[in-house]
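The values are calculated or read from the model by the stated rules, or taken from the named source; none is laboratory data. Quantities reported herein were computed from a predicted structural model and do not represent experimental measurements. Cβ coordinates were reconstructed from backbone atoms using ideal geometry, including for glycine residues, and neighbour counts include every protein chain displayed. Each accessible area value is taken on the protein alone, full model and side chains, heavy atoms only, with ligands, DNA and RNA left out. Shrake-Rupley method; radii C 1.70, N 1.55, O 1.52, S 1.80 Å.
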Amino acid sequence: MRSQATYFGANGWLLEIADCRVLVDPWLSGPLVFPPGAWMLRGELPHPWPVPDNLDLLLLTQGLADHCHQPSLELLPRNLQVVGSTAAGKVAKRLGFEHIEILKPGDTCTVKGLNIEATAGAAVPNVENGYLLDWSDGSLYLEPHGVLDAKLASRPVDTVITPVIDLGLPLAGDFITGASVLPDLIQRFNPRTVLASTTGGDVTFTGLISALLSAAKIKEEPDPRVVTPVPGEPVLLERHA
């Protein structure tokens, strides 16, 4: 089977791997508003994305609005299998999803030949999830804030999905540390391909935090293996030789 990944901008991906169609942290349509309201931070997509059909799995890394975008989740069938962090599982349950597997870092499960291992992700403030995915002819690691679980052993991984910049707020520090962690990710996993995530897709933001973010200093870590995906265009996932 041809393994590929399609980016939707922000944290959203469609992974076609292991005979599974996996939707990750979807933001498909409508505004993204963070509490306490739009005056603080509001995001807009350049255009809505159609809901992918024939999905096998909804994979959620975090319970925050930019990972569990409720208007987008409400578009999905409630009998879709959900795998997510503790916080994400609570959101999915509240929305009426019927099949929810909650994973904490170190936990594993298998869906249609896809082995899923939860890894320690960003603390926002509670520790959320990254994921290490393995199937018969491929492997992939993803984490949306640029966090690498120190407990993960070195091993070959074909594809890494991660931000490749550092981004933070004055006084609060960096909340995305992709540039800082990328050398460690490459040393730990020796990936064939790194797909840049989290900060792409031509999303526009307004609100108080948006003004601070626009003035934030951004650090980027270049590497020849980094691919900047074009939203909506599938990227073939290549295996290690």
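Any idea which of A120, T193, N11 is furthest toward the positive side of the dipole for the chain, if Lys and Arg beta-carbons carry +1 and Asp and Glu beta-carbons -1?
Of the candidates, A120 comes out farthest on the positive side.
Can you give the Kirkwood hydrodynamic radius of the chain from its Cα pairs, in Å with one decimal?
Over the chain, the inverse of the mean reciprocal pair distance is 17.9 Å.
Which of the GluC sites (Glu not before Pro) across the range 80-181 are loop residues per DSSP, with 13 or fewer other Cβ within 10 Å?
Answer by residue number: E98.
Would you tally the net charge around P48, using a Cβ to Cβ cut-off of less than 15 Å, leaving P48 out, and scoring K and R as +1, D and E as -1?
Net of charged neighbours comes to -3.
Restricting to Cα atoms and excluding each atom paired with itself, what does the Kirkwood estimate give for the range 38-154 in Å?
About 15.1 Å, per the Kirkwood formula over Cα pairs.
When only alpha-carbon atoms count, how far does the range 106-181 stretch along each of its three principal axes, as whole angstroms with the largest first?
45, 23, 20
Can you list the lysines whose alpha carbon sits under 18 Å from that of K104, skipping same-chain ones fewer than 8 residues off?
Of all the lysines, those that pass the test against K104 - Cα under 18 Å, at least 8 places apart if same chain - are K90, K93, K151.
Net charge within 13 Å of I100 by Cβ-Cβ distance, Lys/Arg positive one each and Asp/Glu negative one each, not counting I100 itself?
Overall, the nearby charge balance is +2.
Using a 1.4 angstrom probe on heavy atoms only, work out the carbon and sulfur share of the accessible area of the chain in %.
54
How fast does the range 1-107 diffuse by Stokes-Einstein, in µm²/s, taking the Kirkwood radius from C-alpha pairs at 25 °C and 0.890 mPa s?
Rounded, D is 173 µm²/s.
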